[in-house]
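Student: The structure that follows is given in the form of structure tokens.
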Amino acid sequence: MREVLADLSLVAAKDLRIEFRSRVLANQVAPFALLVLVLFGVALDADQRTLRSFAPGLFWVAVLLCALLAVQRSVAVERADDAVVGLRLSGMSPSALFLGKATAVLVQLLVLEVLLTGGIIVLYRSSVEDVALLVLTGLTAGVAVAAAGTLYGAMAAGLGVRETLLPILLLPVLAPVLIGATRAFDDALGAAAVDGWAWLVLLAGLAVVLTLVGALAYRVLVED
Amino acid sequence: MSVVELRGVVAVLGRFPALAGLDLTVAAGETVLVQGPNGGGKSTLLRLCAGLVVPTRGEARVLGFDLVVERHAVRRRVGLLGHATGLYDDLTVAENVIFWARAAGLGRAAEARANWALGRLGLDGPLADQAVRTVSAGQRRRTSLAALAVRRPDLWLLDEPHAGLDQEGRDVVDDLIGEAVAAGATVIVSSHELDRVRRLSPRVVTLAGGTLVGDRLGVVRDA
């Protein structure tokens, strides 16, 4: 277990250091996320009340679009100069590798979620009515998205399909996460009268299942 | 003891047999040069010995492990220098070598071992703190070799290790191979630079069409 944690932190720290140096998140993904929020607002041409009621769904659609970019980047880092071969020869546990890469994607998603939360408060005049539910939903849905994204990113790379196919593979899998996270945010932002905590439980289940499946399946995808 | 034992090995990549009934034995501590025309199976042989290509038919054992069922055990004990350098562009030279040392499970010894490898390959000093994307192709190749050397593998698999290196770099690679063999490692080198590699290796095997068509000891077969 100690070895898995050491490898996990090694891979996550490496990916985050690369992201920090390349500034892809700060210079490309974050502006893209804010642009999506602005474009949604312009396209809907709605009053503040309508935007507030749509804000949870728009927030999570923006997160998923940014997650696609983060996952593609995470895969490309290993494929660019065949570093993935070195990882296969390193003896590192594939589960630790999966968890490390998913953790790095999760950290990036959490940064984007904070930014997007600020975005919907400023642009859509949303107000946070349940901070705990908002934070836990962001974290739990982030885990589910990062786990599924890391798994399907490796799957797409292993199949040799073009990276443009990743959204087609990944987004259907993430549909339940999108629904659950939107409903929980509806409650946390006071946009609709639903039981957000019940949806959070569903999200937690999805996060656990996707993480376990990813950790187990990654060996097949990366090693063989 | 044989480190590599291949008998009638066939390896099909896509639709085509990259290795077509290859027989090869390499003894522990031996240095072997693999030569042959492009597409002859040299790189596939190295990847097979690294446990990255699974034999379709035949018997294949490396370091005593069966390559079909125990290739994961093989991978931890070999070092492969391929055509790609396997480095991260946005990390520095030193960070790359330290990462691969830690990934190999060296733990606290990783940094000291990485510093040794960086010095050995002439990558210490200011160069160590440069991002890999900013260094020359030769320095990149040296960094890749340092990342391999830091693991001190039992079997070194080197695909064109002198490519892109200047004279000093080539000499360093030769010295490194000599030191690895002196320490008990086995080395298989694929190279087109016969004159240089022959100085390292008393044994030269030739691959063509995925089969062994000759070796320096006089065993010559039909292609």
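Student: Kindly report, to the nearest 10 Å², the accessible surface of A:Val29 as traced by a 1.4 Å probe over protein heavy atoms only.
Tutor: 10 Å²
Student: Here is a further query. Which listed residue (B:Pro126, B:Leu207, A:Val222) has the Cα farthest towards the positive end of the charge dipole for the protein assembly as shown, taking +1 on Lys and Arg C-beta and -1 on Asp and Glu C-beta about the Cα centre?
Tutor: B:Leu207
Student: Within segment A:2-223, what whole-number % of the accessible surface is contributed by carbon and sulfur, with the 1.4 Å probe and all protein chains included in the calculation? The partial results should precede the final answer.
Tutor: On the way: 6590 of 9730 Å².
Of all accessible area on segment A:2-223, carbon and sulfur atoms account for 68 percent.
Student: Let me check I have the definition right: for segment A:2-223, take the eigenvalues of the Cα gyration tensor, multiply each by 5, take square roots. What are those semi-axes in whole Å, largest first? Display every interim value, and only then the final one.
Tutor: Working: eigenvalues 197, 67, 43 Å².
Three semi-axes, in Å: 31, 18, 15.
Student: If you don't mind, there's one more thing I want to ask. For segment A:2-223, what relative contact order do you get, as a whole percent, if you take Cα pairs closer than 8 Å and at least 6 residues apart? Walk me through the numbers on the way to the answer.
Tutor: Values: 279 pairs, mean separation 62.3, N = 222.
Value for segment A:2-223: 28 percent.
Student: Chain B: Rg/Rh from Cα coordinates, Kirkwood Rh? Don't skip to the answer; put the middle values down first.
Tutor: On the way: Rg = 17.2 Å, Rh = 17.7 Å.
In chain B, Rg relative to Rh is 0.97.
Student: Over segment B:83-152, what number does the Rg to Rh ratio reach, with both radii from the alpha-carbon atoms and Rh per Kirkwood?
Tutor: On the way: Rg = 10.5 Å, Rh = 11.4 Å.
Here Rg/Rh amounts to 0.92.
Student: Just going by the charge dipole of segment A:2-223, with Lys and Arg at +1 and Asp and Glu at -1 on Cβ, which of A:Leu202, A:Leu65, A:Val75 is farthest out on the positive end?
Tutor: About the Cα centre, the residue reaching furthest to the positive side is A:Val75.
Student: What trypsin sites (Lys or Arg not before Pro) in segment B:1-95 are in a loop by DSSP, with at most 16 other Cβ atoms within 10 Å of the Cβ?
Tutor: Details: sites: B:Arg7, B:Arg15, B:Lys42, B:Arg47, B:Arg57, B:Arg61, B:Arg71, B:Arg75, B:Arg76, B:Arg77; in loops: B:Arg15, B:Arg76, B:Arg77.
When the trypsin sites (Lys or Arg not before Pro) of segment B:1-95 are filtered for loop state and at most 16 Cβ neighbours within 10 Å, B:Arg15 remain.
Student: Return a whole-number percent for the relative contact order of chain B, with Cα pairs under 8 Å and 6 or more residues apart as the contact set. Write down the numbers at each step before the final one.
Tutor: Working: 452 pairs, mean separation 62.9, N = 223.
With pairs under 8 Å counted, the relative contact order is 28 percent.
Student: Can I ask one more? Return the tail of the calculated pair distribution for segment A:1-70, meaning the percent of Cα-Cα pairs more than 16 Å apart.
Tutor: Cα-Cα pairs in segment A:1-70 separated by more than 16 Å: 60 percent.
Student: Give the separation of the Cα centroids, segment A:118-136 to segment B:44-71, in Å.
Tutor: 56 Å
Student: Say the dipole of segment B:95-198 comes from +1 at the beta carbon of Lys and Arg and -1 at that of Asp and Glu; which of B:Gly107, B:Val172, B:Ala183 then lies farthest toward its positive end?
Tutor: B:Gly107
Student: Something else: So, taking all protein chains as they sit and a 1.4 Å probe, how much accessible area belongs to A:Asp82, in Å² rounded to tens?
Tutor: 60 Å²
Student: Which number comes out as Rg/Rh for the protein assembly as shown once both Rg and the Kirkwood Rh are worked out on C-alpha atoms?
Tutor: Value, to two decimals: 1.07.
Student: Counting only the heavy atoms of the protein chains, how much of A:Tyr152 is accessible to a 1.4 Å probe, in Å² to the nearest 10?
Tutor: Approximately 50 Å² of A:Tyr152 is accessible to the 1.4 Å probe.
Student: Which of the trypsin sites (Lys or Arg not before Pro) found in segment A:65-135 are loop residues per DSSP with 14 or fewer other Cβ atoms within 10 Å of their Cβ?
Tutor: Numbers: sites: A:Arg73, A:Arg79, A:Arg88, A:Lys101, A:Arg125; in loops: A:Arg125.
Of the trypsin sites (Lys or Arg not before Pro), the ones in loops of segment A:65-135 whose Cβ has at most 14 other Cβ atoms within 10 Å are A:Arg125.
Student: Using only Cα atoms, find the angle between the long axis of helix A:30-44 and the longest principal axis of chain A, and express it within 0 to 90 degrees, rounded to the nearest 10.
Tutor: Roughly 40 degrees between the two axes.
Student: On to the next question. Write down the percent of antiparallel bridges among all DSSP beta bridges whose residues are both part of the protein assembly as shown, to the nearest 5.
Tutor: Values: 21 of 38 bridges.
Just about 55 percent of them are antiparallel.
The values are calculated or read from the model by the stated rules, or taken from the named source; none is laboratory data. For clarity, every value in this text was computed on a predicted model and none was experimentally measured. A quick note on method: Cβ atoms are made from the backbone with ideal geometry, for glycine too, and the neighbour counts reach across all protein chains shown. Heads up: the accessible areas ignore ligands, DNA and RNA and are worked out on the full protein's heavy atoms, side chains in. Shrake-Rupley method; radii C 1.70, N 1.55, O 1.52, S 1.80 Å.
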